[in-house]
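First comes the structure, then the notes that go with it.
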Amino acid sequence: MSGYRSPEAWIEAAWQELDGPDTGRRDGCLEVVSDMLETGRLSQDGAERAVERLVAVALSDESHTLRESALHAICTAATPYELPYRVVEPLAAGVDGFEPLLLEYVLAVLGSTDDRAVLPVLERFLRHPHPDVRREAADAVNELRRLRESPGEGTA
């Protein structure tokens with residue numbers, strides 16, 4: 001039977017499979033979550049819950065591939081949803097534990113919150129030895145500074 005499944009149902013099935021014993025399919029589970037977030041059809045609360053779970057995967061001891069998939073899904077969610085800093089703040093706390101490729105995702109996610117509280121974290125990476133990390137940090141900092149100059153936008 002192939003009836004309609006809500007985005008929430010797809011995500012819940014993906015989480016169950018992610019927690020299951022078949023580790024070979026775990027990356028595919030995160031792709032499903034990313035695809036559902038990309039549709040923008042989840043409620044804001046549902047998206048935030050999914051992102052919180054993805055943050056936990058990104059900060060876990062899982063494989064590089066799985067952590068990258070989680071961070072990619074969070075970046076995907078930042079387009080249709082406004083992600084509050086409180087949802088992704090654990091990434092800021094663990095930012096020093098990411099290698100450069102994953103760090104680029106983390107900086108992009110933090111910058112997408114439009115919350116100036118993240119500026120000190122981002123500014124630390126403006127002199128990072130890896131040029132792509134510096135570039136991502138600069139893009140995020142510039143976006144947040146632009147928001148600061150626009151009345152009524154961003155948060156305190």
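The values are calculated or read from the model by the stated rules, or taken from the named source; none is laboratory data. Remember, it's a predicted structure, so these values are computed and weren't measured experimentally. In this analysis, Cβ positions are derived from the backbone assuming ideal geometry, glycine residues included, and neighbour counts consider all displayed protein chains. For accessibility, only protein heavy atoms count, side chains too; no ligands or nucleic acids. Shrake-Rupley method; radii C 1.70, N 1.55, O 1.52, S 1.80 Å.
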Being assigned to a helix (DSSP H, G or I) and open to solvent by 60 Å² or more (accessible area, probe 1.4 Å) is the filter here, so list the residues in the stretch 41-54 that pass it. Q44, D45, R49, E52, R53
What number of residues within the stretch 67-114 satisfy the criterion of being farther than 15 Å from S34 by Cβ, of a type in the set (D, E, K, R) and either in contact with a helix residue (DSSP H, G or I) (Cβ under 8 Å, 6 or more places away or on another chain) or modelled with pLDDT of 95 or more (or both)? 6
Could you give every pair whose Cβ atoms fall below 6 Å, whose first residue belongs to the stretch 12-33 and is under 18 Å from E48 (Cα atoms), and whose second residue is among the aromatic types (F, W, Y), counting only separations of at least 6 or pairs across chains? V32/W10
Those residues that are open to solvent by less than 30 Å² (accessible area, probe 1.4 Å) and over 17 Å from the mean Cα position of the chain (by Cα), I need them from the stretch 15-40; list them, please. L18, G20
